[in-house]
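The values are calculated or read from the model by the stated rules, or taken from the named source; none is laboratory data. None of these values were measured; they are calculated from a predicted model. Here the Cβ positions follow ideal geometry from the backbone for every residue, glycine too, while neighbour counts run over all protein chains shown.
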Amino acid sequence: AGLLARRRGAQLRLRVRFGHLLRQGAADRDRRRRPRAGIFCGGSSANQERRREEQEENAFMELLSYMYSGKLTTAEPTRLLDILMAADKFEVLSCMRHCSQLLISLPMTTESALLYIDHPCSVSMVNEVRPLIDASKEFLANKYKDFYEFKSELMNISLAGIEAIFSSTDIQVETEDDVYYFMLDWARARYVELEERRKILSSRLLPLVRFSHMTCMTLQEILASTDNDIDREQVTHRIAEALLPKAYPKQLEGALAAEVTTCSRFAERAYEYKPVKLVAFDQPCPQIIVYLDLTRDECSQLFPSGRICPHPFRLLGWGFYLMATCEMDEQSKLCSFGLWLGVAKNMKGSSCFMVDYEFAARKRSSGKFVRKLEGKISTTDETHGCSDLFGIPWSTFIANDNLFINGVLHLRADLRVLLGQPKLQA
């Protein structure tokens with residue numbers, strides 16, 4: 001009798017509290033409204049409101065049933081989400097965890113994943129649904145991993161979905177530049193008002209861009225841009241923050257060094273074009289030094305006939321690029337590591353010129369870069385380089401710990417413009 005009385009007392013208290021919630025003002029109901037309400041409920045606003053209250057009451061009765069039996073009578077995703085929201089309102093933590101586990105076990109779709117991460121859970125209860133939110137974000141990140149295949153579809157994804165997808169390091173893009181320009185396009189398509197668009201870009205979207213892995217050419221264009229959609233001060237700060245570890249890696253200490261090592265905004269994604277580090281000089285002659293680091297795993301994936309194309313770079317208005325390859329000698333049938341320098345494109349009106357170039361690799365034994373190839377290339381040429389940079393077979397190269405320092409091959413390309421040349425207009 002005592003147990004029955006306690007159950008009836010709990011039921012009465014829940015009913016009273018539920019009735020109070022149903023009588024709250026429209027503003028409060030709108031604040032807690034599910035994102036799907038306007039999509040799945042047809043008819044007039046009054047009918048929608050009536051149906052919403054019916055859904056909440058049904059969810060409430062399921063919640064009461066769960067409190068008595070520890071079981072739910074449904075496995076339908078939308079009803080489970082209704083029950084989860086009811087359990088959130090009445091702070092029934094065990095039911096919240098149970099609903100989350102059931103939803104995770106069911107097949108997930110883009111629509112359901114977006115509903116789960118947009119679920120307006122109370123801040124104090126968020127840990128109870130964290131596994132569901134994390135699973136939904138992981139689902140979205142895996143489904144939209146191929147950026148170019150789903151680029152058009154991504155334009156219709158909600159803001160929370162965009163944050164989940166582009167927080168991932170596994171998304172496949174050619175360069176981080178494409179992520180930056182996509183964020184601009186997405187914001188312009190979704191937010192007509194300039195101030196709202198600037199706010200969303202500054203607070204939600206641009207923090208997803210990994211500026212430290214963007215090409216130097218694009219960073220220069222951003223700094224010189226007068227685009228009103230972005231906060232100039234914020235973007236300049238983020239670019240400076242991204243370049244600081246590259247310019248002064250040994251000076252980083254303590255918390256900042258740890259952040260650079262672990263923070264996702266400094267992590268490298270699965271880029272098609274490998275990021276490089278650049279040092280440029282104007283005097284005594286135009287010169288650019290390019291540092292390219294390749295892991296042993298990246299080099300292994302080149303075999304037997306692959307290539308890695310790093311970010312292009314610019315010298316006196318002309319675009320250049322490096323290319324690492326694995327090539328087979330037709331006579332010996334042996335593969336070897338190759339490195340090439342190519343001319344990509346020029347800015348309109350740039351003069352043609354000759355470049356003196358040198359390829360070098362760092363050795364573990366000396367800790368210094370050792371020259372491996374030197375030559376000259378004209379901006380009217382296409383590519384120069386060597387198909388066997390180290391003069392050894394591939395198997396010997398890939399196992400050489402004198403070249404792979406802690407599993408990384410450190411390459412350097414030094415380009416100097418030859419002075420005293422007759423200037424030809426391109």
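For the reader, a short list of remarks on this structure follows.
- Test: residue in region 376-393 that is out of contact with any Lys or Arg (no Cβ under 7 Å at 6 or more places or on another chain), of a type outside the set (D, E, K, R), outside any loop (DSSP other than H, G, I, E, B) and over 21 Å from H311 (Cα atoms): no
- Some residue of region 146-154 being of a type in the set (K, R), in a loop (DSSP other than H, G, I, E, B) and farther than 17 Å from P77 by Cβ: no
- Cross-chain or 6+ apart pairs with Cβ under 9 Å, region 86-105 first and within 14 Å of Y116 (Cα to Cα), then at pLDDT 90 or above and basic (K, R): S100/R130
Residue-by-condition table, conditions (1) closer than 26 Å to L316 by Cα; (2) touching a His at 6+ places or on another chain (Cβ under 9 Å):
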position	(1), (2)
S212	yes, no
M217	yes, yes
D229	no, no
V235	yes, no
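- Matching residues in region 386-415 - criterion: being modelled with pLDDT of 95 or more and closer than 22 Å to W318 by Cβ: L411, R412, A413, D414, L415
- Of everything in region 178-214 that is of a type in the set (S, T, Y) and buried (at least 16 other Cβ atoms within 10 Å of the Cβ), the residue that is farthest from H237 (Cα to Cα) is Y191.
- All of Y116, Y144, Y148 fail the test of being farther than 24 Å from C309 by Cβ and without any contact (Cβ under 8 Å) to a residue 40 or more places away in the chain, apart from Y116.
- Condition met for S202 (in the same structural domain as E233 (by TED's automatic domain parsing) and either touching a helix residue (DSSP H, G or I) at 6+ places or on another chain (Cβ under 7 Å) or closer than 23 Å to D227 by Cβ (or both)): yes
- Residue within region 324-334 that is outside any strand (DSSP E or B), over 30 Å from the mean Cα position of the chain (by Cα) and surrounded by 19 or more Cβ atoms within 10 Å (Cβ to Cβ) present: no
- Among residues of region 155-191, those that are out of contact with any Phe, Trp or Tyr (no Cβ under 7 Å at 6 or more places or on another chain), hydroxyl-bearing (S, T, Y) and in a loop (DSSP other than H, G, I, E, B), counted: 5
- Subset tally (residues that are under 12 Å from C95 (Cβ atoms) and among the acidic types (D, E)) for region 62-76: 1
Residue-by-condition table, conditions (1) over 17 Å from Q220 (Cβ atoms); (2) out of contact with any Lys or Arg (no Cβ under 8 Å at 6 or more places or on another chain); (3) of a type outside the set (G, A, S):
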residue	(1), (2), (3)
P286	no, no, yes
T295	yes, yes, yes
Q301	yes, yes, yes
F313	no, yes, yes
G317	no, yes, no
L322	yes, yes, yes
T325	yes, no, yes
